[in-house]
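Reading through the structure tokens given below for one structure.
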Amino acid sequence: MKQLTILTLMAVLVAGAAAAQTVNFDNSELGKLPLNWTGTKTGKGEPKWTVVADDSAPSKPNVLKQSGEATYPVCIKEDTSVKDGFVEVRFKPVSGRQDQAGGVIWRCKDADNYYVARANALEDNVTIYHTIKGKRVSFKNVDTKVASGQWHTLRVDFGGNKFTVALDGEKVIEATDDSFSEAGKLGVWTKADSVTLFDDFSYGGK
């Protein structure tokens, strides 16, 4: 049964990879949100999501930047709907006194209900959570180095209630959870006063 589950998940991920798309923000207007993205938040505060030019971008010239402050700034790609597949992003934690975090969300229903995996440069860890009615609860955490001021790659593969999180190509978390089982939107995430850059947002699945 375990082997069958793994094979089923692999089949889903292969299918997702075949339909993979990447957003690099290079055709987006500077100072504004990218087309079909909504900049919002979970909780309180004033997030600021804008496309900016950045010389360090993995794919030059533009990146998506979060430079406001909120409980959890969230930016949702509205034209996505994925149940099983993957989501990946390049992110660079720039600054933040409270947090220096970058994350991806999936199976998102709205700004208060979604899964999120995030890496934090102040805490040097990666954590996976479900956020339900605005309340974030972790269900797996691992300590690993997350350097501030450097670009990292964060990826989540998801099929059914199984999730695999990888940082910079290395698997760091395997977890299960049953909070959200239906298809939902994808996006990116930060916390508190994190100033974070995002580039090469990739996804696939069905």
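The values are calculated or read from the model by the stated rules, or taken from the named source; none is laboratory data. Worth saying up front: this structure is predicted, and the values here are computed from it rather than measured. Methodologically, a virtual Cβ is constructed for each residue, glycine included, from the backbone with ideal geometry; neighbour enumeration extends over all protein chains shown. Areas reflect the complete protein model, heavy atoms only, side chains present, ligands, DNA and RNA absent. Shrake-Rupley method; radii C 1.70, N 1.55, O 1.52, S 1.80 Å.
Keeping every protein chain present and rolling a 1.4 Å probe, give me the accessible area per residue for the chain in Å².
With the other protein chains kept in place, the chain gives 45 Å² per residue.
Loop only by DSSP, 15 or fewer other Cβ within 10 Å of the Cβ. Give me the trypsin sites (Lys or Arg not before Pro) in segment 34-91 that pass, ordered by residue number.
Sparse-neighbourhood loop trypsin sites (Lys or Arg not before Pro): 48.
Putting +1 on Lys and Arg Cβ atoms and -1 on Asp and Glu Cβ atoms, find which of 148, 169, 188 reaches farthest to the positive end of the dipole of the chain.
Working it through, the farthest residue towards the positive pole turns out to be 188.
What distance in nm separates the two pseudo spin-label positions at residue 78 and residue 55, each 7 Å out from Cα along the beta-carbon direction?
Distance between the two pseudo-spin positions: 3.6 nm.
Only Cα pairs under 8 Å and at least 6 apart count here; give the relative contact order of the chain as a rounded whole percent.
Contact order relative to length: 30 percent.
Kindly express, to the nearest 10 degrees and within the range 0 to 90, the angle between helix 2-18's C-alpha long axis and the longest C-alpha principal axis of the chain.
For helix 2-18, the angle is close to 40 degrees.
Against the globular-protein guess of 2.2 N^0.38 Å, express the Cα radius of gyration of the chain as a ratio, rounded to two decimals. Write down the numbers at each step before the final one.
Values: Rg = 15.6 Å, N = 206, 2.2 N^0.38 = 16.7 Å.
Expressed relative to 2.2 N^0.38 Å, the Cα Rg reads 0.94.
Given a 1.4 angstrom probe, I'd like the percentage of the accessible area of the chain that is carbon and sulfur, rounded to a whole number.
Solvent-exposed carbon and sulfur of the chain make up 48 percent of the total.
Can you tell me how much longer the chain between residue 141 and residue 30 gets when fully stretched, taken as 0.36 nm per residue apart minus their C-alpha distance, in nm with one decimal?
Here the answer is 36.4 nm.
At 222 nm, what helix-only mean residue ellipticity would the chain give, in deg cm²/dmol to the nearest 500, using -39500 (n - 2.57) for each DSSP H run of four or more?
Details: 1 runs with 17 residues, N = 206.
Rounded to the nearest 500, the figure is -3000 deg cm²/dmol.
Under a Cβ-only charge scheme (Lys and Arg +1, Asp and Glu -1), can you give me the dipole magnitude of the chain about the Cα centre, in debye to the nearest 20? Before the final figure, lay out the partial values.
On the way: 26 positive and 26 negative charges, 80 e Å.
In debye, rounded to 20, the chain gives about 380.
If you take the beta carbon distance between residue 95 and residue 132 as r and set R0 to 41 Å, what does 1/(1 + (r/R0)^6) give as a FRET efficiency, to the nearest 0.05?
0.85
Between residue 109 and residue 44, what is the label-point separation in nm under the 7 Å Cα-to-beta-carbon projection?
Rounded to a tenth, the inter-label distance reads 2.5 nm.
Distance check, please: which entries in 44/83; 140/171; 65/140; 41/171 exceed 21 angstrom between their Cα atoms?
Details: 44/83 28 Å; 140/171 13 Å; 65/140 27 Å; 41/171 28 Å.
From 44/83; 140/171; 65/140; 41/171, over 21 Å: 44/83; 65/140; 41/171.
Can you tell me the relative contact order of segment 77-129? Whole percent, Cα pairs under 8 Å, sequence separation 6 or more.
Rounded, it is 26 percent for segment 77-129.
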